[in-house]
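For reference, the structure discussed in these notes is given below.
The values are calculated or read from the model by the stated rules, or taken from the named source; none is laboratory data. Being a predicted model, the structure only gives us computed values, none of them experimental. All Cβ positions, glycine included, derive from the backbone under ideal geometry; neighbour counts span all protein chains shown.
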2 protein chains.
Amino acid sequence: MALEHAILITLEERPSSGYELARRFDRSVGHFWAATHQQIYRTLKRMSEIRWVTSHEVPGEGRPLRKVYEVTDEGRDEFVRWLSENGEPAPYRQEIAVKLRGASLGSLPTLIAEFTRHRDLHAGWVAAFRRMEQRDFPDPASLTGRRLHHYLVLSGGIQSEEMLFAWCDQVVAALERELSGTSSQSAAAAG
Amino acid sequence: MALEHAILITLEERPSSGYELARRFDRSVGHFWAATHQQIYRTLKRMSEIRWVTSHEVPGEGRPLRKVYEVTDEGRDEFVRWLSENGEPAPYRQEIAVKLRGASLGSLPTLIAEFTRHRDLHAGWVAAFRRMEQRDFPDPASLTGRRLHHYLVLSGGIQSEEMLFAWCDQVVAALERELSGTSSQSAAAAG
DNA sequence: CCCTGGGCTGCAACTAGTTGCATATGCGCC
DNA sequence: GGCGCATATGCAACTAGTTGCAGCCCAGGG
């Protein structure tokens, strides 16, 4: 149940409509807690019902009506309570590792292609996060308070994507060696 | 939907009962795809119904009856099909990062304690995985085929836990500096 | 005037995972 | 004989996330 709290802290930083929240999740919040607009709207509704947030309608200027949400005192108290609650790391699940575990039943070139794609996706995330880092935190050593916290969150995201990139790269290299070794062995056996 | 395939590849390696599967998940499979025994039993039932696995009962010796499952040809075909299906990295979700993002609303010492606990949990995983690596793959450079794949899966788990350990350590150090800087500033302000 | 696309809200039905719990067999010990 | 624990199986009800879809407002361009 961290989506509620991710939304609460995001609204605490700046009241927003559901649509704006979805946009903020796509740009930054979603880098540490991903959520779709359907989840966000449903969760906003539920939090309205239990009075963790309140909303008011804002007429757009040349735009449709917007419902802007903000955190109530109860919502803030709930977030503070949750901060002090002991959490556990989530169970680990990595679909591509399941594929790798069962690689011998499939086609090496296909799995190499899959890992190459994932490696490139992660490389893209690394690059995007690094640009974000350069833009928002050019001098990390000088950071304090909230900006330090935000920087540390981004740093975690960067390290995670870098690790996944490096691992996929290691796997691609190893499987390619296996493929060329097997092909050589097959050629030698056939020759 | 990778649990089905994690179970299929695990049974392909060695037919097992639900209870044995749960044990194997606790020891190794669960390091890349975590699952509880309730999930495993339910998924075994469903895969029996769609004939991806079949089961037969085996009387225990001084033990209760066991239902041993094995993969059918259809189940094997489904796994191979799934191997060639393009997957996407899962959306990223890290509860403790949400807490860090909202750290300014809470107590720094409490958050430091939380990150310290997580760091130590990850350190424990690193140590356990390293022992597993030493025991099962003392000479990684010589590996080929299935054993190479299994090793690469474990390597990914190790790198992931190491990254989480390093990140939590970085956060603890930064928050402790902040705490002591704030305390010094508070003391100076009060003095 | 109509169409398209962006802005904006939101629901139903589903899957995947979790929590809580139940039941039975068998063995060893008190 | 009963208790506790390990072995072994499995369900119901719930939460969290996903998929698929629906609908409305507004502006701009053809």
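Miscellaneous remarks
- Of all residues in segment B:22-49 being in contact (Cβ under 8 Å) with a residue 40 or more places away in the chain and within 14 Å of another protein chain (Cβ to nearest Cβ), the one that is nearest to DNA strand D (Cβ to nearest atom): B:Thr43
- Residue satisfying all of: in segment B:120-178; more than 9 Å from chain A (Cβ to nearest Cβ) and not in a helix (DSSP H, G or I); farthest from B:Thr110 (Cα to Cα) among these: B:Asp139
- Lone unmet requirement of (1) of a type outside the set (Ser, Thr, Tyr); (2) in contact (Cβ under 8 Å) with a residue 24 or more places away in the chain; (3) more than 9 Å from DNA strand C (Cβ to nearest atom) for A:Lys67: (3)
- Scanning segment A:65-85 for residues that are part of a loop (DSSP other than H, G, I, E, B) and either among the hydrophobic types (A, V, I, L, M, F, W, C) or more than 7 Å from chain B (Cβ to nearest Cβ) (or both) yields a total of 3.
Table: residues versus (1) within 30 Å of B:Gly145 (Cβ to Cβ); (2) in contact with a strand residue (DSSP E or B) (Cβ under 8 Å, 6 or more places away or on another chain).
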residue	(1), (2)
A:Glu13	no, no
A:His31	no, no
A:Val53	no, yes
A:Tyr69	no, yes
A:Arg101	yes, no
A:Ser107	yes, no
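- Within segment B:5-23, the residues that satisfy the criterion of being assigned to a helix (DSSP H, G or I) and farther than 19 Å from A:Ala103 by Cα are B:Gly18, B:Tyr19, B:Glu20, B:Leu21, B:Ala22, B:Arg23.
- Among the residues of this structure, A:Ala173 does not count as one that is buried (at least 16 other Cβ atoms within 10 Å of the Cβ), out of contact with any Leu (no Cβ under 9 Å at 6 or more places or on another chain) and at pLDDT 95 or above.
- Residues of segment A:11-21 satisfying the condition of being crowded, with 22+ Cβ neighbours inside 10 Å and more than 13 Å from chain B (Cβ to nearest Cβ): A:Leu21
- Selected residue [surrounded by 15 or more Cβ atoms within 10 Å (Cβ to Cβ) and over 21 Å from A:Met132 (Cβ atoms)] from A:Leu65, A:Leu8: A:Leu8
- Among the conditions (1) at pLDDT 95 or above; (2) surrounded by fewer than 12 Cβ atoms within 10 Å (Cβ to Cβ), the only one that B:Ala189 does not satisfy is (1).
- Within the option set B:Val58, B:Val53, B:Val68, being over 30 Å from A:Gly156 (Cβ atoms) and more than 11 Å from DNA strand D (Cβ to nearest atom) holds for one residue only, B:Val53.
- Pick from segment B:33-52, criterion within 12 Å of DNA strand C (Cβ to nearest atom) and buried (at least 18 other Cβ atoms within 10 Å of the Cβ), ranking: nearest to A:Ala103 (Cα to Cα): B:Trp33
- Scanning segment B:86-109 for residues that are in a helix (DSSP H, G or I) and more than 7 Å from chain A (Cβ to nearest Cβ) yields B:Leu108, B:Pro109.
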